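Peer 1: Before anything else, here's the structure in question.
The values are calculated or read from the model by the stated rules, or taken from the named source; none is laboratory data. A quick note: this is a predicted structure, and the numbers were derived from the prediction, not measured. Every residue, glycine among them, receives a Cβ derived from its backbone with ideal geometry; neighbour counts consider all protein chains shown.
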Ligand code: F6R
């Protein structure tokens, strides 16, 4: 049932091109640069959006915040569900509450959804599991169609959630007139390319290169992950994946925060994963890389194909396919998953059943 793979997690990592195809299929309208999501809510009625989720789904929500604010110019806040449900949130009928969940059963997210509804919010779910508890209480659901996810550490659900947020941001942007036909068409093209890019990201030589890096550092006690902008959540997700399955302590920061504290951690024993793929902020990220280097930290740079210029600042480089910045979190997540996976397997850990974790958290 693992389709020839050693673990469910690896099988699900390799299912991502298919999962993403299923997230996108039938939803992109090339001719008009529009997306068709079958959502009955009125996109012009939202004055603010609250995204609510736990864990990996929360990080997908952080990417969603970035995409929606950039493309649809609506203020977005993102909350972990266990905070939202108890903080007496500011909500009106012009608030769209978006809950994000693979299982659709996470108790904190379900209770946060109920809280948002009590305050009169309109509600939308970004959900994987068909007919799950949340879907029965939501006004509308945007299914991500990633297929069943069995590995405890979420992989394909994450990238499908992020892709669903791209669709949502495009839908909102087109409907609200913040996104021109031309920009819409460009992003639609980038979205359509995603399954192919992820397929490339999973090419055997790339996977092998990541395995080599993972094995080189698998004895590290701590790891640091840095990213900027739309890829700061990629850093958070990278650290979470590593913690969950390898039990190595990992922290993640928006790269610009490093100077404000975490830089004190850096020494020759600390591998620092820096997401430095093509972006308008790449130069700033590279200066963070140099700061790590200057303190003898070991830099593992995630770079876009062909960026040999910046490779010289790194101890190790993981190249990923070139991607439009707005879709790069999906492509970069693959490298995070594989790095965590091969670190855990090098340490002999059972990646499908990490200690202390359950696939679906239905108690508080
Ligand atoms: C991480 C992971 C958890 C879940 C979180 C939310 O790999 O699996 O952090 O993302 O428990 O679960 P769902 O999405 O089912 O609400």
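Peer 1: May I ask you to verify whether residue 63 is in a helix (DSSP H, G or I), within 29 Å of residue 229 (Cβ to Cβ) and within 16 Å of the ligand (Cβ to nearest atom)? Can you show your working first?
Peer 2: On the way: in a helix (DSSP H, G or I): yes; within 29 Å of residue 229 (Cβ to Cβ): yes; within 16 Å of the ligand (Cβ to nearest atom): yes.
Yes.
Peer 1: Moving on to the next point. Name the residues in the stretch 39-64 that are buried (at least 21 other Cβ atoms within 10 Å of the Cβ) and over 20 Å from residue 110 (Cα atoms), would you?
Peer 2: If the condition is that a residue be buried (at least 21 other Cβ atoms within 10 Å of the Cβ) and over 20 Å from residue 110 (Cα atoms), then 46, 63 are the ones that fit.
Peer 1: Report the residue count in the stretch 1-38 for those that are more than 30 Å from residue 151 (Cα to Cα) and crowded, with 16+ Cβ neighbours inside 10 Å.
Peer 2: Number satisfying all stated conditions: 3.
Peer 1: Taking the stated definitions as given, is residue 163 away from the ligand (no atom under 12 Å from the Cβ) and either in contact (Cβ under 8 Å) with a residue 24 or more places away in the chain or surrounded by fewer than 24 Cβ atoms within 10 Å (Cβ to Cβ) (or both)?
Peer 2: Working: away from the ligand (no atom under 12 Å from the Cβ): yes; either in contact (Cβ under 8 Å) with a residue 24 or more places away in the chain or surrounded by fewer than 24 Cβ atoms within 10 Å (Cβ to Cβ) (or both): yes.
Here the answer is yes, as residue 163 does meet what is asked.
Peer 1: Which one is nearest to residue 279 (Cα to Cα) among residues in the stretch 21-56 that are within 16 Å of the ligand (Cβ to nearest atom) and touching a helix residue (DSSP H, G or I) at 6+ places or on another chain (Cβ under 6 Å)?
Peer 2: 56
Peer 1: Also, I was wondering about something else. Report yes if some residue within the stretch 142-155 is assigned to a strand (DSSP E or B) and either over 23 Å from residue 363 (Cα atoms) or within 15 Å of the ligand (Cβ to nearest atom) (or both); otherwise report no.
Peer 2: Looking only at the stretch 142-155, we keep the residues that are assigned to a strand (DSSP E or B), and these are 142-143.
Within this subset, residues satisfying the condition of being either over 23 Å from residue 363 (Cα atoms) or within 15 Å of the ligand (Cβ to nearest atom) (or both) are 142-143.
Scanning the stretch 142-155 turns up at least one residue that is assigned to a strand (DSSP E or B) and either over 23 Å from residue 363 (Cα atoms) or within 15 Å of the ligand (Cβ to nearest atom) (or both).
Peer 1: Another question about this same structure. Looking at the structure I just gave you, is residue 301 crowded, with 17+ Cβ neighbours inside 10 Å, more than 16 Å from the ligand (Cβ to nearest atom) and closer than 27 Å to residue 259 by Cα?
Peer 2: Spelling it out, residue 301 is indeed crowded, with 17+ Cβ neighbours inside 10 Å, more than 16 Å from the ligand (Cβ to nearest atom) and closer than 27 Å to residue 259 by Cα.
Peer 1: Just a yes or no: is a residue in the stretch 205-223 crowded, with 24+ Cβ neighbours inside 10 Å, within 25 Å of residue 53 (Cβ to Cβ) and in contact with a helix residue (DSSP H, G or I) (Cβ under 7 Å, 6 or more places away or on another chain)?
Peer 2: Yes, the stretch 205-223 contains a residue that is crowded, with 24+ Cβ neighbours inside 10 Å, within 25 Å of residue 53 (Cβ to Cβ) and in contact with a helix residue (DSSP H, G or I) (Cβ under 7 Å, 6 or more places away or on another chain).
Peer 1: Which of the residues that make up the stretch 315-338 are touching a strand residue (DSSP E or B) at 6+ places or on another chain (Cβ under 7 Å), surrounded by 21 or more Cβ atoms within 10 Å (Cβ to Cβ) and closer than 22 Å to residue 270 by Cβ? Spell out how you get there, then give the answer.
Peer 2: Keep residues of the stretch 315-338 that are touching a strand residue (DSSP E or B) at 6+ places or on another chain (Cβ under 7 Å), which gives 315-320, 322, 331-332, 335.
Now drop any that are not surrounded by 21 or more Cβ atoms within 10 Å (Cβ to Cβ), which leaves 318-320, 331-332, 335.
If the condition is that a residue be touching a strand residue (DSSP E or B) at 6+ places or on another chain (Cβ under 7 Å), surrounded by 21 or more Cβ atoms within 10 Å (Cβ to Cβ) and closer than 22 Å to residue 270 by Cβ, then 318, 332, 335 are the ones that fit.
Peer 1: Being at negative phi, at pLDDT 95 or above and within 10 Å of the ligand (Cβ to nearest atom) is the requirement here; does residue 107 meet it? Break it down into steps so the answer makes sense when it comes.
Peer 2: On the way: at negative phi: yes; at pLDDT 95 or above: yes; within 10 Å of the ligand (Cβ to nearest atom): yes.
Yes; evaluated as a whole, the condition is true for this residue.
Peer 1: Identify the residue in the stretch 124-141 that is in a loop (DSSP other than H, G, I, E, B) and within 12 Å of the ligand (Cβ to nearest atom) and, among all such residues, is farthest from the chain's Cα centre (by Cα). Even if it seems obvious, please write down each step before you answer.
Peer 2: Taking the stretch 124-141 as the starting set, the residues that turn out to be in a loop (DSSP other than H, G, I, E, B) are 128-132, 138-139.
The next check asks that each one be within 12 Å of the ligand (Cβ to nearest atom); those that pass are 128-129, 132.
Details: 128: 15, 129: 18, 132: 22 Å.
Only one residue tops the list, namely 132.
Peer 1: Now a separate question. Which of (1) within 16 Å of the ligand (Cβ to nearest atom); (2) surrounded by fewer than 24 Cβ atoms within 10 Å (Cβ to Cβ); (3) not in a strand (DSSP E or B) is the odd one out, the single condition residue 78 does not satisfy?
Peer 2: Unmet condition: (3).
Peer 1: Would you tally the residues in the stretch 73-104 being at positive phi and in contact with a strand residue (DSSP E or B) (Cβ under 7 Å, 6 or more places away or on another chain)? Before you say what the answer is, go through the steps one by one.
Peer 2: The first filter runs over the stretch 73-104 and keeps only residues at positive phi, leaving 73, 88, 104.
Still in the list and also in contact with a strand residue (DSSP E or B) (Cβ under 7 Å, 6 or more places away or on another chain): 104.
Counting residues in the stretch 73-104 that are at positive phi and in contact with a strand residue (DSSP E or B) (Cβ under 7 Å, 6 or more places away or on another chain) gives 1.
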